[in-house]
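Accompanying notes for the structure given below.
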Amino acid sequence: MRDRNSPIVREFSDLVEEREDDFRISTTAYWDRKVYEAELSNIFYATWMFLGHESEIPMPGDFKTVQIGERSVFIIRDASNSINAFINACAHRGAALCRTEYGNKRVITCPYHAWSFTPGGKLLGLPDPSRFPASFSKEEHGLTRMAQTVNHHGLLFGTFNTKAPSFEDYLGPAARYFDLWLKRAVDGTFKVGRAHKYAYCGNWKFQSENVIDGYHPQIVHRAAFGTLGKFGGANQRKDFVGTNDTFQGGCTRGLSGGHSTLEARVFFESSLVDAQTSKQYIDNVIAKYGAEVAKEVLSNRHLLLFPNVALMDHLLRVWFPVGVDRTEVFSYPLRNEGISPALDSGRFLDSQLMFSASGFVGPDDLDIFAAAQTGARSVGVGALVLSRGMEKETITSTGERIGEYGDEVPQRSFWRQWQVLMQAGEDKGVCS
Ligand code: FES
Ligand SMILES: [Fe+2]
């Protein structure tokens, strides 16, 4: 592994080094501001980003702002119920138009010189237009849209990149696991509650690596699990999924495109949900999809969508870097009107109890991320090791790499795609 500080290193993609029996990441990837800036260009501004869920902006004029790296965007529902994603900058001299996280604007009026726009992005009016040249046309001065957007079963994604692959191509093999996650809603009507928001003092990639890391929970969350166990447990294990499963003990999957899963291969239910309500839910899933598909649907699973979205049993989490060593996290509890209110509220409370900023489990990881940042920028540690489970992976005919629950299969998948995108940027001369 070459040292990033050495004059011979010109490419960030060199920071990942893979051999048949070894996989290492230079610590430079976590603390170098040039790497961070290149990641913004080559990853966050180049691939698909989660913008929100349509249930967050249910009424015409409702908007939500999203900060992606240094770029601000907003999504807004227009009068025809279409959802638009715009760069959050006025078409006149660029002032940000939406300056709260959520709100409602039937007309978007700029705070600077009061140009006003429709939620569909058209320039509606401006004070004293006669002073502009005769050639000035309102049609030419609408808001700038994100290059591509998609509404995938209520989840809104967008990209700044006109040349980004289609959303379907971006998802690739992850589409199957995304679909299984959607089926948990039974009637397909997930909504999201307002996010738990918090920040940690560490690089954004620590969260990406962690959410599909089955090696750490019994260590980092030992005290939390012990405490929760004393009170009946926040999550109760049900045997429906695990019986006779090929992957008993859980598994990890590395998918192309940098996506991955961490699967316990059992069904976990909130202890705040009574047994009969839980059974009714399982029966409904089986009735709708059949026993075999239901087994896959109900298996506890974290799906990481590269680079920064995790679909979890009762939670959708997304995180954005706000610097090389600071990350903002948004954990959206899932709400579901298609199931019994007792089940919906039990799971909602469960996600608060476990994963909120003051939950039992989530903060443990944040403490580790800060420790990892401290270690990564300390002199003397050249490279981090992600070789657990190498040489023992099963590679399927569709190219999935499968390992045991504690293997670092998902992390390797993440870093391979990181390398691909950083390399693509270098080839374009974006970042070196
Ligand atoms: S910057 Fe928006 S009206 Fe001038
Ligand atoms: Fe954790």
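Could you tell me which of the residues G399, G425 is at pLDDT 90 or above and over 30 Å from D274 (Cβ atoms)?
One residue alone meets the criteria, G399.
Just name the residue that is farthest from the chain's Cα centre (by Cα) out of those in the range 18-39 that are open to solvent by 10 Å² or more (accessible area, probe 1.4 Å) and under 25 Å from P165 (Cβ atoms).
Top of the filtered list is E18.
Restricting to the range 357-393, name every residue that is surrounded by fewer than 15 Cβ atoms within 10 Å (Cβ to Cβ) and within 11 Å of ligand 2 (Cβ to nearest atom).
D367
Can you give me the ranges of the strands (runs of 3 or more DSSP E) entirely in the range 101-157 with at least 2 residues that are open to solvent by 70 Å² or more (accessible area, probe 1.4 Å)?
Answer list for the range 101-157: 148-152.
When the residues of the range 185-206 are narrowed to those that are of a type in the set (D, E, K, R) and surrounded by fewer than 20 Cβ atoms within 10 Å (Cβ to Cβ), which ends up modelled with the lowest pLDDT?
Of everything passing the filter in the range 185-206, D187 is modelled with the lowest pLDDT.
Counting only residues that are open to solvent by less than 20 Å² (accessible area, probe 1.4 Å) and of a type in the set (F, W, Y), give me the strands (runs of 3 or more DSSP E) lying completely in the range 298-356 with at least 1 of them.
315-321, 327-336
Enumerate the pairs (first residue in the range 210-221 and closer than 14 Å to R301 by Cβ and away from ligand 1 (no atom under 16 Å from the Cβ); second residue anywhere and open to solvent by 30 Å² or more (accessible area, probe 1.4 Å) and not acidic (D, E)) with beta-carbon separation below 8 Å, excluding pairs fewer than 6 apart on the same chain, so at least 6 apart or on different chains.
V211/H302; I212/H302; G214/Y405
So is A164 away from ligand 2 (no atom under 16 Å from the Cβ), crowded, with 16+ Cβ neighbours inside 10 Å and part of a loop (DSSP other than H, G, I, E, B) or not?
Spelling it out, A164 is indeed away from ligand 2 (no atom under 16 Å from the Cβ), crowded, with 16+ Cβ neighbours inside 10 Å and part of a loop (DSSP other than H, G, I, E, B).
The values are calculated or read from the model by the stated rules, or taken from the named source; none is laboratory data. This is a predicted model, so every value here is computed, not measured. Reconstructed Cβ throughout: ideal geometry from the backbone, glycine too, with neighbour counts over all protein chains shown. We work out accessible area using only protein heavy atoms, side chains counted, and drop any ligands, DNA or RNA first. Shrake-Rupley method; radii C 1.70, N 1.55, O 1.52, S 1.80 Å.
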